[in-house]
Amino acid sequence: MKEAAYIYKICVIGNGGVGKTSAVKRYSKDVFSEDYQVTVGVQHSSQTIKIEGDEGPTLVKTIVWDLGGQDKFKFVRPMFYRAARGLVLMFDITDKKSFEDLPKWIQEAESNIGHSVPIILVANKVDLDNHAIEIHEIERYAEFIGAEYILASVKTGENIDNVFVKIGEALYNNREPSTRTGSENVSCISTVGRASI
């Protein structure tokens, strides 16, 4: 396969148990397990995707970091945000608290990254019936933080690949014209006050 023209580090963040690790495994290996395992610190994987951009079809390598969501890992997470270019902000649509905690995750990420970065907001577990968050709430919050939102199910695989394609496209479309593989100067979208709900 041809070498990727751009490489982007993406952090997947959100409360423990929302499906971050399963999403990364579904994306990178197309596997799913019902067994819940706490992510100890961080895990990462990479995939190369094709983006249809202004330069024509372009290969983009996404290095996806799954950051442990439990409070006991909050002291180790900061070092893993370094050089992140985008965020996948995930919550469980059946768990209201996981949605209410999203501002805290944005604040933690952006304070450690040092600036705003593109975000894809992901409502996971849409295959379940007991939704605790209404679609209009998700739409309103996505608009508030300047993010696209995706309804997904790690269990069925619905929209999981799309999550990472969309963040890859957002990063590619917000790059600086001269930014190529190995450069640290990827441009970022600007947002104001999105670490509140």
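Here, each number is a calculation from the coordinates, and none is a lab measurement. Since we're looking at a predicted model, the values are computed, not measured. Here the Cβ positions follow ideal geometry from the backbone for every residue, glycine too, while neighbour counts run over all protein chains shown.
What is the distance, in nm, between label points placed 7 Å from the Cα along the Cα-to-Cβ direction at residue 46 and at residue 127?
If labels sit at residue 46 and residue 127, their model points lie 3.0 nm apart.
Between residue 111 and residue 74, what is the label-point separation in nm under the 7 Å Cα-to-beta-carbon projection?
It works out to 0.9 nm between the two label points.
Sort the following peptides by mean Cβ neighbour count (other Cβ atoms within 10 Å, averaged over residues), highest first: 132-139, 46-53, 151-158, 15-22.
15-22, 151-158, 46-53, 132-139
With a point put 7 Å past each Cα toward its Cβ, work out how far residue 136 is from residue 161 in nm, to one decimal.
Once both label points are built, they end up 3.5 nm from each other.
Which of 20/104; 61/125; 96/166; 20/61 have a Cα-Cα distance over 22 Å?
61/125; 96/166
Can you give me the Kirkwood hydrodynamic radius for region 6-173, using every pair of distinct Cα atoms, in Å to one decimal?
This gives a value of 15.8 Å.
How long is the gain from residue 5 to residue 28 if the chain were fully straight, where each residue apart is worth 0.36 nm and the alpha carbon distance is subtracted?
Between residue 5 and residue 28, full extension yields an extra 6.3 nm.
In debye, nearest 20: dipole of region 6-173 around its Cα centre with unit charges on the Cβ of K, R (+) and D, E (-)?
That gives region 6-173 a dipole magnitude of about 760 debye.
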